[in-house]
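Engineer: Handing you a structure now.
What follows draws every value from the coordinates through simple rules; no lab data is involved. All figures in this text were calculated on a predicted structure; none of them were measured in a lab. All Cβ positions, even for glycine, are placed from backbone atoms using ideal geometry, and neighbour counts span all protein chains on display.
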Amino acid sequence: MKKTVLFVLLVFVPFLFSGCDLVDNLIGKKNSGDKNVIHPVLLNGKWGFINSQGQIAVNPAFDNARPFSNGMAPVRVGTLWGYVDAATSRLAIEPRFTTAGDFGDGLAPVQLPGQPYGYVDKSGNFVVEPVFDFASPFSEGLAAVRTDGLWGYVKNDGSFLFEPKYSSARAFSDGLAAVESFDGWVYINKSGSEVINPTFRIASAGEFVDGIAPIQTAEGWGFIDKSGNLVITPKYSDAGRFSQGRAWIRSGNFIGFIDKDEKMIVEPQFAEVRSFSEGMAAVRLNNNWFYMSRNSNLITISQPFSNAESFRDGIARVTVGSGQNARYGYIDKKGEYVWFPTR
């Protein structure tokens, strides 16, 4: 089997800059099908948004801002969160929430000061009343919620798919969702039936993509299909879900990429990676981030960054510097800045 090994020439370029799982559950999967794409930027200590051409779409006026999902972007003023509408580039929901999750299926999990979690629509009106201990974004018409310490799923009208009974729950993906029972993780369908409950114990479970999901057993991480059969034997120390036909795996201390036939596309050599998105993957060697092309399996953006995020609508956010000196910018797939790093 021929394996690809990367030989990277690190080109360090000096830059001069001007000043011009519960938490994870609140951040849903980004929908690449969104038509209106805006990206958060920090300028002179305030957050705003640019479009994918690097033009300011929303003037910097917020104390924090997150990427948009389902056409809406969470923004914070002081201690309270609201939402900007990506279609109009205007504040659509005034900041009044202590917690604001990502929109999915037109609804977002939010929390008013001192209140339980509920779901609001894009006008900021509660569609599902705030009665939950915790709530996750909607995905494929259902959302994982916790009440009285147990997890279940609600529909967009607020009714339960079944009474909460699991100790943890993931988002639906590819028609299935991973839930944690007393005997380990199993998978349920949209009717709430347990459809994957193998004879071996699943210690941790990931999302299905194209019919395959990463799972952890006593032997390590591997992958199963929708019938619960092992398609890649558990032996890795960690693994991520498939994206664009590839999944990252950790072998020993380093991370590489495999395809669905378990062919090692890129040998383990990275300290950290992001999943492939739009044909590119951010990878970390030592303390610096770079970008690798899916077409060539080589690092094609070799200037170093302190942090690097996935590509979205043709551009990716990168960080230069750290701590008080951190600056945030955006690059295109040639590595050229569409937004020069600012803070």
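Engineer: Aspartates and glutamates near K190 by alpha-carbon distance under 12 Å, same-chain residues fewer than 8 away left out - which ones?
Structural biologist: E140, D174
Engineer: Under the rule of at least 5 residues apart or a separate chain, name every residue whose amide H is placed under 5 Å from the amide H of S69.
Structural biologist: F103
Engineer: Under 1.5 on a/c is rounded, so check that first for the chain, then, if it is not, pick prolate when a/b is larger than b/c and oblate when it is not; a ≥ b ≥ c are the square roots of the alpha carbon gyration tensor eigenvalues.
Structural biologist: It is oblate, given that a/c is not under 1.5 and a/b is not larger than b/c.
Engineer: Once amide H atoms are built 1.01 Å from N in the peptide plane, which residues 5 or more positions from Y153, or in another chain, come under 5 Å H to H?
Structural biologist: The answer is V145, L161, F162.
Engineer: Here is a follow-up. Once you list every other residue whose beta carbon is under 13 Å from the beta carbon of I212, what net charge do they have if Lys and Arg are +1 and Asp and Glu are -1?
Structural biologist: -3
Engineer: Now a separate question. Would you list W47, W185 from fewest to most Cβ contacts within 10 Å?
Structural biologist: Values: W47 20, W185 24.
With the sparsest Cβ surroundings first, the list reads W47, W185.
Engineer: Report the charge-dipole magnitude of region 220-269 in Debye, nearest 20, computed about the Cα centre from +1 at each Lys and Arg Cβ and -1 at each Asp and Glu Cβ.
Structural biologist: Working: 7 positive and 6 negative charges, 23 e Å.
So the dipole magnitude of region 220-269 works out to roughly 100 debye.
Engineer: I'd like the distance separating the alpha-carbon centroids of region 78-105 and region 123-165, in whole Å.
Structural biologist: Region 78-105 and region 123-165 have Cα centres spaced 19 Å from each other.
Engineer: Moving to a separate point now. Go through region 97-112 residue by residue and turn each phi into a ³J(HN,Hα) via Karplus (6.51, -1.76, 1.60, θ = phi - 60°); whole Hz please, and just put x for glycine and proline.
Structural biologist: So the J values, rounded to whole Hz, are 10, 7, 9, 9, x, 6, 6, x, 6, x, 10, 9, x, 9, 9, 6.
Engineer: Net charge within 15 Å of P341 by Cβ-Cβ distance, Lys/Arg positive one each and Asp/Glu negative one each, not counting P341 itself?
Structural biologist: Numbers: positive: R317, R327, R343; negative: E309, D332, E336.
Charge balance near P341 sits at 0.
Engineer: Along the charge dipole of region 154-284, Cβ charges K/R +1 and D/E -1, which of G206, A281, S191 sits furthest on the positive end?
Structural biologist: It is A281, whose Cα lies furthest towards the positive end.
Engineer: Which one of V58, F223, S136 is farthest out on the positive end of the charge dipole of the chain, using unit charges on Cβ (Lys, Arg +1; Asp, Glu -1) and the Cα centre as origin?
Structural biologist: V58
Engineer: How much length, in nm to one decimal, is gained on full extension between T88 and D157, taken as 0.36 nm per residue of separation minus their Cα-Cα distance? Provide the component values of the computation, followed by the final result.
Structural biologist: Numbers: separation 69, 0.36 × 69 = 24.84 nm, distance 2.68 nm.
Extra length from T88 to D157 when fully extended: 22.2 nm.
Engineer: With θ taken as phi - 60° and the coefficients 6.51, -1.76 and 1.60, list the Karplus ³J(HN,Hα) couplings across region 74-90 in order, rounded to whole Hz; mark glycine and proline as x.
Structural biologist: Running phi through 6.51 cos²θ - 1.76 cosθ + 1.60 with θ = phi - 60° gives x, 9, 10, 10, x, 9, 10, 10, x, 9, 9, 8, 5, 5, 9, 6, 10 Hz.
Engineer: Follow-up. In debye, nearest 20: dipole of the chain around its Cα centre with unit charges on the Cβ of K, R (+) and D, E (-)?
Structural biologist: Numbers: 33 positive and 34 negative charges, 211 e Å.
Charge dipole, the chain, about its Cα centre: 1020 debye, nearest 20.
Engineer: Related question: For each of D148, D85, count neighbouring Cβ atoms within 10 Å of the residue's Cβ, then give the residues from fewest to most.
Structural biologist: Working: D148 7, D85 19.
If I rank by nearby Cβ atoms, fewest first, I get D148, D85.
Engineer: With θ taken as phi - 60° and the coefficients 6.51, -1.76 and 1.60, list the Karplus ³J(HN,Hα) couplings across region 337-343 in order, rounded to whole Hz; mark glycine and proline as x.
Structural biologist: My calculation for region 337-343 gives 6, 9, 9, 5, x, 9, 9 Hz in order.
Engineer: On to the next question. Determine the dipole magnitude for region 178-284: charges of +1 sit on the beta-carbon of Lys and Arg, -1 on that of Asp and Glu, nothing else is charged, the reference point is the Cα centre, and the result goes in debye to the nearest 20.
Structural biologist: Numbers: 11 positive and 14 negative charges, 24 e Å.
Charge dipole of region 178-284: 120 debye, to the nearest 20.
Engineer: Something else now. What does the charge add up to near G329, with Lys and Arg as +1, Asp and Glu as -1, over the other residues with Cβ less than 15 Å from its Cβ? Working shown, then result.
Structural biologist: Values: positive: R312, R317, R327, K333, K334, R343; negative: E309, D332, E336.
Computed value for this residue: +3.
Engineer: Normalised by the residues of region 231-343, what does the relative contact order come to in percent, with Cα pairs under 8 Å and at least six apart? Mind showing how you got there, number by number?
Structural biologist: On the way: 255 pairs, mean separation 14.9, N = 113.
Answer for region 231-343 is 13 percent.
Engineer: If amide H atoms are built 1.01 Å from N in the plane of the peptide, which residues on other chains or at least 5 residues away come under 5 Å of the amide H of F208?
Structural biologist: Here S173 satisfy the definition.
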